[in-house]
Structures are given as C-alpha cells and as structure tokens.
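Enquirer: One structure, pasted below without further comment.
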Amino acid sequence: MGPKLKLRVIGGLFSVALALMCGSASAEVGVTDDTIKIGMFGPLQGKVSLYGYPINNGPIAIYKEINETGGIHGRKIEIVHEDGDCNPQKTAAAVKKLIHQEKVFMIHGGSCSGAVFGGIKEIKDTGIPFMIMAATMDKLATPAVHNIFRPALSGSADGMVMLEFLATMPGVKRIAVVRHSNDWANAKSSKFMAQIASRGIEVVSDEEMERKATDATAQVLRHKKVKPDAVATFLYPAEAALYTRDAAKYGLDVPILGTNSVMDLMDLKKRAGGLGPVKNFYSAAFVQAPMGDFKTAAYRALMTKHFPDDRPQSLNLYGMGGAYAILEALTRAGRDLTREGLISALETLDGTHAGPMTCKLRFTKDQHEGCVGGTMWTLSADGNSIIDVGAAYRAVK
Amino acid sequence: MEFFILLSAGLANGGYYALIALGLVLIFKAQDMVQFGHGEVFMVGAFTAYTVFAVVGWPYLVAFIAAVLAATVVGMIVERWLIRPIAHMPHMTLVMVTVGLSFCLKGAARIEWGKDIYTFPSVFKSGPIVIGEVVLMPQQLVLVAFTLSLSVVLYLMFKYTALGKQMKATSQNMTGAQLSGVNIGRVFSSTWAMSGALGGAAGALSAPVLSLLFPDIGTFILLKGFAAAVLGGFGSIVGAVVGGFAVGVMEKFVGFYISTSLEHISAFVIIMLVLIFWPKGLFGTKDVTRV
C-alpha cells in the first residue's frame with residue numbers, strides 16, 4: 001500500500017469513526033450528549049388543572065432526583081410541558097407541538113382519557129414512545145400498540161377490582177350503582193356492568209350524578225328505595241364525598257365501594273365531614289398507601305424536597321410508576337439510545353419496581369398494560385389509618 | 001316520605017339560587033342588564049369565608065362579614081372602573097364586559113385555589129335536626145331564613161325608599177332620571193355594592209351547605225340563579241325568591257321521580273320553556289312606557 005493510499009484509508013477510517021461518534025451521541029431526536037428530552041402534557045390551566053401539575057410533578061420529582069445523581073448514562077432528563085386542558089383538540093395540538101416543534105424523545109403524560117384519545121393518532125403515526133401518565137380509558141393501551149405503555153390500572157381493571165371484591169362480600173346479591181356520565185366513568189364501569197350478572201349479582205338501580213353536583217339527595221333516595229346490599233360508585237372524589245355524606249344523612253347504611261380515584265380515604269373522610277359517612281367505604285387502590293401514610297413517606301419527602309411550595313398529595317403518586325419504568329428502560333437501553341431501543345427495553349420489564357404502586361410492572365410485546373391487579377382499602381374503625389383489605393373481602397374491623 | 005325529604009333538600013338549595021337571583025335582579029332593575037360575572041362574586045364570597053373560617057380559624061360570623069365586605073368591594077370596584085365609564089354604551093357591550101369579568105375573576109382564583117377542591121368545614125357542631133325521616137342541617141335553615149328575611153327587606157326598600165325608586169327610575173330612563181336630579185353615579189354604585197353584598201352573603205352562607213369549593217363554582221351557581229330569575233320574572237324581587245326555591249325543589253323532584261340524568265339539566269329546561277311560553281315569568285310585569 002503506497003503512502004497516498006495509506007493516507008486515504010486512514011482518512012476514510014477517521015471520517016467513519018467521526019460519523020459514528022457523532023451518531024452515537026445525538027442520532028435520535030430529543031437526545032443529546034447530556035440530555036434526554038421528555039414531553040409532558042396534561043390539564044395545566046383551567047377548571048381541571050388540579051389533575052395537571054399535581055400528577056405530573058410526581059414523576060418530575062423522580063426525574064429531578066435521578067438528575068442529581070448524574071442522570072442515566074450521563075444524560076439528564078429534561079422536561080418540556082404542554083397544556084392539553086383535558087380537551088381532545090388541545091391535547092392533539094399539544095402532542096404535535098411536543099413531537100414536531102419541541103422534538104422530544106418520548107412523551108410521559110396524559111391524565112384525562114378523552115383528551116389523551118385526541119392525541120393518540122399522532123402518537124401512533126409517529127411511533128414516539130408514550131408512557132401514559134394516569135389516563136384510564138382501556139383502548140388507549142389495549143390491545144397493545146407498539147409504542148404505547150400504561151403502568152397504572154386501566155379503567156376496566158379498576159372496575160374489575162371492585163367487582164371481584166363485591167363478589168366475595170357475604171350476602172351481596174343486589175347492588176345499586178351511581179356514576180358520572182363521562183368517558184372516565186364509562187371506562188371504569190362498562191366491563192363491571194357487563195360482567196356483574198355473571199357473578200350472581202343484580203344491579204337494581206343505576207343512577208347518574210353530574211360532575212360538580214352540589215348534593216346527592218335524589219340518587220341516595222332512589223338507592224334507598226330499592227334496598228341494595230351494597231353500592232358501587234364511579235365518581236370523582238368530591239362527588240363520592242357528597243354521595244357518602246348524603247347516604248349517611250338519609251340512612252342508607254350499606255357498604256359503599258369506590259374506584260381508585262377515591263383511594264385517598266383520609267381526604268374522603270375530610271370532604272365527607274368525618275368518619276361517619278365513610279366508615280363502611282371501600283376503595284380500589286393501585287398504590288401502597290395514600291400520601292401521608294408511613295408507607296409513602298419516602299415519596300412525600302421527595303415531593304417536599306423538589307416542590308417545597310406545594311402540598312404533597314396522593315395525586316403526586318399516580319404517575320410515579322411510569323417514571324420508574326422509564327428510568328429502568330433507559331438504563332437497559334444503554335448509551336446508544338434510540339426510540340426503538342427504549343420500546344424494546346420497556347418490553348423486557350418484568351417485576352420492575354414501580355415506586356409507590358402495589359404492582360410490580362410487567363410489559364411484553366403483546367401486553368402493554370403494566371399493572372392488571374389491585375387491592376381494596378378501607379379506613380380503620382377509629383378512622384386514623386387505612387387498612388389494605390386485599391383483593392377479596394375479609395372482615396377487618 | 002321522600003316527598004318531604006326532597007322538598008327540604010330542594011328548598012335548601014333553592015335558598016342560594018334565590019340569593020344569586022336577587023343579586024342579578026338588583027343590577028337588572030337599576031341598569032337593565034344581566035351581570036354574568038355575578039357567579040364569580042359568589043365565588044369571592046365563598047372563598048373569603050373559607051379563608052377566614054377554615055384557614056385563619058376565626059369565627060364563622062367574622063368570616064361571613066368578611067365575605068360580604070370583600071364581595072361588596074368587588075362590586076363597587078367593578079361598577080366604578082368597568083361599568084360606569086361605558087354605562088351609556090349598548091347593553092351588549094356591558095354584558096360582554098361582565099362576561100370578561102367572570103373569566104378574569106375565575107382565572108385569578110385558579111392561581112391560588114385551582115389545584116384542589118376545597119372542603120368547607122361544618123359550622124354547626126350540633127348535627128342535623130331530624131323530624132320523622134326529614135333531615136335538616138342547621139346551616140340550611142339559616143340560609144333559608146336569611147334569604148326570606150333579605151327578600152322582605154329588599155322588597156320594602158324598592159317600594160318605599162328613595163334609593164329604591166331612584167334605581168327604578170334610572171333603569172327606565174337614565175337621562176330622564178339624571179335630569180330629574182337623581183345622582184345616577186350613586187345609584188349605580190349602591191346597586192352594585194348591594195348586589196356584591198348579596199353575592200358575598202350567598203357565597204358565605206352556602207359554602208358550608210355545598211361543602212365543596214372550587215374556582216369555577218360560580219359558573220354553575222350563576223346558571224341556577226339565572227334560571228330562578230327567569231322563572232320568577234327578571235326584575236321581580238319576589239319572583240327571584242320564589243323562582244330560586246322553585247328551581248331548587250324542581251331539580252330534586254325531577255331527579256327522584258323522573259331520572260337522575262335529568263336533575264341538573266332541569267334548570268336549563270326551565271329557562272327555555274319560560275322564555276318560549278311565558279317570557280315575563282311568574283311575577284314579571286309588562287313594560288309600560290308613558291309617552
């Protein structure tokens with residue numbers, strides 16, 4: 001090999017090496033030498049903003065914590081927020097902005113099912129990895145979509161936790177139901193309603209309660225009239241508190257079950273005006289304990305450290321499981337990070353720690369619902385602590 | 001027995017619908033316009049009472065007074081700085097300003113209160129009063145009694161006091177009233193202050209009954225108050241009170257006897273039906289203009 005040819009070969013090899021080096025550092029959208037850009041969206045302003053930052057800040061606290069320890073493979077997590085306002089059109093716009101303008105690597109967001117559904121087409125079309133924050137609508141992640149993962153209980157799974165519990169309650173054959181008339185309540189109650197007869201239980205009254213209702217007199221009286229053995233509520237916390245308050249007021253003294261949205265039973269007790277209305281209340285749950293319990297003390301400390309001006313609340317816990325899944329998958333995907341690499345890594349998670357959640361996360365190629373089981377909680381007899389009853393009924397007080 | 005339970009629950013809700021309707025009617029009587037920001041005046045009253053009673057821990061009476069004062073000040077500021085400079089403009093302009101006011105107040109409240117739904121603690125420790133199967137909360141009784149007393153005071157004020165007559169004159173012909181020596185600035189200011197005070201009182205009195213507070217609460221309540229005012233006949237003090245109680249009771253009856261799905265839309269159905277078939281409402285009077 002002549003000196004000229006040798007120089008060309010060395011030059012060529014150097015160019016290839018340089019290209020590979022540059023490629024490995026920043027070939028993927030949203031990834032630089034020292035950052036990974038993750039997009040978040042949710043209702044950050046407006047009338048439903050209490051489901052925005054309080055939920056998003058949980059994972060952010062975890063990301064901030066990991067950043068303090070040097071990040072993942074030397075890269076720190078950078079968060080970009082967009083407001084989706086619990087509105088499908090605005091969420092679609094927010095998702096497009098995150099993907100095409102902010103050029104994020106992946107998205108971790110979405111609390112309102114209907115709104116997330118508005119952005120889902122763009123997410124599917126672009127193939128960007130998407131970890132659902134807290135939205136529960138089944139069809140967002142079932143059947144499995146290549147790039148979409150859900151770490152929390154789906155709506156129907158939440159309803160099924162309630163159903164399986166009801167089926168084990170002694171003497172419960174006739175139940176009354178009260179639910180909102182929105183996609184959230186439909187997601188949680190449709191499978192429950194479809195399968196309840198197969199458990200030998202009859203629904204003797206099915207009532208509707210509007211969001212932001214100011215009392216539940218009509219619903220409670222209609223229920224009381226049919227003398228149910230138990231009541232299943234598919235209501236947000238404020239309305240669940242109203243229902244339990246009015247049930248106690250008008251003497252409807254039967255077990256009342258709620259979805260995991262009402263799992264902060266201490267908060268429910270406060271909203272309902274004391275222990276009386278909620279002493280026979282059971283809620284589905286997918287976290288180990290509400291914020292304030294010793295079991296979630298570490299997460300409370302995390303929130304206080306990174307958001308010292310905010311009141312730690314149970315909503316902070318909802319999206320934390322997804323953050324742990326993402327961090328674990330980013331670690332497994334290695335320094336040469338690509339979107340497909342992350343998706344493949346997520347599909348290897350099996351028994352992964354999910355922070356405050358009761359489940360260990362498991363994703364496969366065909367199963368992108370990471371958590372399919374839950375438990376039921378109730379308040380102790382003195383109302384000062386929460387008892388994890390388990391998936392099946394047992395007398396605990 | 002359900003009948004009496006529904007009646008009592010409906011009357012309790014109707015109490016604050018009536019107070020809201022009274023606030024709307026006051027402005028309407030003086031300026032012939034609908035104040036779409038009145039729901040947010042209610043919200044200011046409710047959150048002021050919450051802050052003083054639940055956060056600071058002062059007695060409920062102090063919270064009530066603070067709420068009335070805060071809402072009165074809001075009413076006066078709005079009149080002086082937003083409405084009076086454009087008082088001669090078309091009604092649509094005035095109405096749109098009040099719509100804008102509603103959004104501004106809601107937005108401002110969300111900054112501090114938008115992250116949660118707040119629970120107003122019980123004011124009375126004595127528990128409910130039970131008569132047979134009818135359960136009455138002391139706060140509900142206070143609310144209903146206050147509403148009825150206030151409506152009598154307002155009725156007498158409009159009928160017998162100079163201010164009441166000046167309000168009516170200003171509403172019918174602002175220029176004519178001014179030429180007759182009526183200080184319309186004072187009339188407007190008094191009207192908005194009174195309307196604000198009513199909104200604040202409604203907020204403070206109903207907050208413990210509603211028990212759940214959030215920045216958008218005024219929008220929901222305003223619609224009910226509006227339905228009450230329409231049913232009673234916009235412009236009638238007695239109509240506002242009767243309309244308020246009627247809407248409250250009707251909601252409960254529709255929810256129980258027909259369907260819970262229809263409970264909350266019944267107020268809107270009332271608005272539509274009254275406007276179509278009975279535009280003057282229960283106590284509305286025909287406009288008569290002397291020429």
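Enquirer: Considering only chain A, what is the antiparallel percent among its DSSP beta bridges, to the nearest 5?
Expert: In chain A, approximately 30 percent of DSSP beta bridges are antiparallel ones.
Enquirer: While we're looking at this one, here's another question. Go through the range B:210-291 and name the trypsin sites (Lys or Arg not before Pro) that are in a DSSP coil and have 14 or fewer other Cβ atoms within 10 Å of their Cβ.
Expert: B:286, B:290
Enquirer: Can you compute the FRET efficiency between residue B:73 and residue B:4 using 1/(1 + (r/R0)^6), with r the Cβ-Cβ distance and R0 = 41 Å? Round to the nearest 0.05.
Expert: With R0 = 41 Å, the Cβ-Cβ based efficiency is 0.50.
Enquirer: Let me ask another. For residue A:291, list long-range residues whose amide hydrogen, built 1.01 Å from N in the peptide plane, is under 5 Å from its own amide hydrogen.
Expert: Answer set, sorted by chain and number: A:314.
Enquirer: On to the next question. Name the residue from A:154, B:45, B:75 whose Cα lies farthest towards the positive end of the charge dipole of the protein assembly as shown, charges +1 on Cβ of Lys and Arg and -1 on Cβ of Asp and Glu.
Expert: Value computed over the given set: B:75.
Enquirer: Using a 1.4 angstrom probe on heavy atoms only, work out the carbon and sulfur share of the accessible area of the range B:153-256 in %.
Expert: Summing carbon and sulfur atoms, their accessible area is 65 percent of the total for the range B:153-256.
Enquirer: Once the piece of chain linking residue A:391 and residue A:67 is laid out straight, how much longer is it, given 0.36 nm per residue of separation minus the C-alpha distance between them?
Expert: Stretched fully, the residue A:391-residue A:67 segment lengthens by 113.0 nm.
Enquirer: Note down the magnitude of the dipole of the range A:55-173 about its Cα centre, charges +1 on Lys and Arg C-beta and -1 on Asp and Glu C-beta and zero elsewhere, to the nearest 20 debye.
Expert: On the way: 12 positive and 12 negative charges, 45 e Å.
Here the size comes out at about 220 debye.
Enquirer: With all pairs of different alpha carbon atoms counted, what Kirkwood hydrodynamic radius in Å does the range B:2-277 show? Write down the numbers at each step before the final one.
Expert: Values: mean 1/r = 0.0531 Å⁻¹.
Here the Kirkwood hydrodynamic radius works out to 18.8 Å.
Enquirer: Moving on. Using the Karplus curve 6.51 cos²θ - 1.76 cosθ + 1.60 with θ = phi - 60°, what ³J(HN,Hα) values do you get for each residue of the range A:261-277, in whole Hz, with x for Gly and Pro?
Expert: 5, 10, 6, 7, 5, 5, 5, 4, 4, 5, 5, 7, x, x, 6, x, x
Enquirer: Among A:139/A:212; A:37/A:188; A:224/A:360; A:64/A:90; A:191/A:295; A:188/B:106, which pairs are too far apart, with a Cα-Cα distance over 29 Å?
Expert: From A:139/A:212; A:37/A:188; A:224/A:360; A:64/A:90; A:191/A:295; A:188/B:106, over 29 Å: A:37/A:188; A:224/A:360; A:191/A:295; A:188/B:106.
Enquirer: Order A:385, A:156 by their accessible area, 1.4 angstrom probe, all chains in place, largest first.
Expert: So, going from the largest accessible area down, we get A:385, A:156.
Enquirer: Projected onto the charge dipole of the protein assembly as shown (+1 at Lys/Arg Cβ, -1 at Asp/Glu Cβ, origin at the Cα centre), which of A:62, A:116, A:263 gives the Cα projection farthest towards the positive end?
Expert: A:116
Enquirer: So who's got an amide H within less than 5 Å of the one on residue A:389, skipping anything under 5 residues away but keeping other chains? H placed 1.01 Å off N, in plane.
Expert: A:376, A:377, A:378
Enquirer: What does the charge dipole of chain B about its Cα centre add up to, to the nearest 20 debye, if the Cβ of each Lys and Arg holds +1 and the Cβ of each Asp and Glu holds -1?
Expert: Dipole of chain B, to the nearest 20 debye: 820 debye.
Enquirer: Which whole-number percentage describes the relative contact order of the range B:11-116, with Cα contacts under 8 Å and a sequence gap of 6 or more?
Expert: Contact order relative to length: 28 percent.
Enquirer: Calculate, for residue A:126 and residue A:32, the FRET efficiency according to 1/(1 + (r/R0)^6) with r their C-beta to C-beta distance and R0 25 Å; round to the nearest 0.05.
Expert: The formula returns an efficiency of 0.80 here.
Enquirer: Could you tell me which residue out of B:225, B:118, B:267 lies farthest along the dipole of chain B toward its positive end? Charges go on the beta carbon: Lys and Arg +1, Asp and Glu -1, centred on the Cα centre.
Expert: In chain B, that residue is B:225.
Enquirer: At R0 = 45 Å, how high is the FRET efficiency between residue B:172 and residue A:197 if r is their beta carbon distance? Nearest 0.05 is fine.
Expert: In this case the efficiency is close to 0.10.
Enquirer: Okay, moving on. Between residue A:258 and residues 5 or more places away or on another chain, which pairs have amide H atoms under 5 Å apart, with H built 1.01 Å from N, and which residues are they?
Expert: For residue A:258, the qualifying residues are A:233, A:282, A:283, A:284.
Enquirer: Taking springs between alpha-carbon atoms closer than 10 angstrom, which of B:213, B:205, B:19 fluctuates most in the Gaussian network model of chain B?
Expert: With Cα springs under 10 Å in chain B, the top fluctuation among B:213, B:205, B:19 is at B:213.
Enquirer: Obtain the radius of gyration and the Kirkwood radius of chain A from its C-alpha atoms and give Rg over Rh. Before the final figure, lay out the partial values.
Expert: Numbers: Rg = 23.7 Å, Rh = 22.2 Å.
We get a ratio of 1.07 for chain A.
Enquirer: Tell me the Kirkwood hydrodynamic radius of the protein assembly as shown in angstroms, computed as one over the mean inverse distance between distinct C-alpha pairs.
Expert: Roughly 27.5 Å, rounded to one decimal.
Enquirer: When chain B is treated as a GNM, springs tying every alpha-carbon pair under 10 Å, which of B:72, B:93, B:170 comes out with the largest mean-square fluctuation?
Expert: Of B:72, B:93, B:170, the Gaussian network model singles out B:93 as fluctuating most.
Enquirer: State the antiparallel share, in %, of DSSP beta bridges confined to the protein assembly as shown, rounding to the nearest 5.
Expert: Numbers: 18 of 51 bridges.
Antiparallel bridges: around 35 percent, rounded to the nearest 5.
Enquirer: Now a separate question. So how far apart, in nm, are the two label points at residue A:297 and residue B:155 if each is 7 Å from Cα heading toward Cβ?
Expert: Taking the simple label geometry, residue A:297 and residue B:155 are separated by 6.3 nm.
Enquirer: Here is a follow-up. So what are the ³J(HN,Hα) numbers for the range A:343-359, from phi and the Karplus equation (6.51, -1.76, 1.60; θ = phi - 60°), rounded to whole Hz, Gly and Pro as x?
Expert: 3J(HN,Hα) across the range A:343-359, in whole Hz: 4, 4, 5, 4, 6, 9, 5, 8, x, 6, 4, 10, x, x, 6, 6, 6.
Enquirer: Hey, what's the protein assembly as shown come to in accessible area per residue, 1.4 Å probe, Å²? Could you put the intermediate results ahead of the total?
Expert: Working: 27760 Å² over 688 residues.
For the protein assembly as shown, the solvent-accessible area averages 40 Å² per residue.
Enquirer: Something else: Over the range B:2-277, what is the relative contact order in percent, taking alpha-carbon pairs closer than 8 angstrom and at least six residues apart?
Expert: Dividing the mean separation by the residue count of the range B:2-277 yields 40 percent.
Enquirer: Starting from the 7 Å offset along Cα-to-Cβ, what nm value, one decimal, do you get for the label separation of residue A:174 and residue B:165?
Expert: According to this spin-label approximation, the distance is 6.6 nm.
Enquirer: If the only charges are +1 at each Lys and Arg Cβ and -1 at each Asp and Glu Cβ, what is the size of the charge dipole of chain A around the Cα centre, to the nearest 20 debye?
Expert: So the dipole magnitude of chain A works out to roughly 160 debye.
Enquirer: Relative to a virtual label point 7 Å from the Cα of residue B:81 in the Cα→beta-carbon direction, which members of the range B:46-60 show backbone nitrogen distances below 14 Å?
Expert: Once the point is set 7 Å along Cα→Cβ of residue B:81, nothing inside the range B:46-60 turns out to lie under 14 Å by backbone N.
Enquirer: In whole Hz and in residue order, list the ³J(HN,Hα) couplings for the range B:24-36 that follow from phi through the Karplus curve 6.51 cos²θ - 1.76 cosθ + 1.60, θ = phi - 60°; x for Gly and Pro.
Expert: After applying 6.51 cos²θ - 1.76 cosθ + 1.60, I find 5, 5, 4, 4, 5, 5, 8, 10, 6, 9, 9, 8, 6 Hz.
The values are calculated or read from the model by the stated rules, or taken from the named source; none is laboratory data. The model shown is predicted, which means the values in this text are computed figures rather than measured ones. Ideal geometry is used to build each Cβ from the backbone, glycine not excepted, and the neighbour counts take in all protein chains shown. SASA here: full protein model, heavy atoms, side chains in, ligands and nucleic acids out. Shrake-Rupley method; radii C 1.70, N 1.55, O 1.52, S 1.80 Å.
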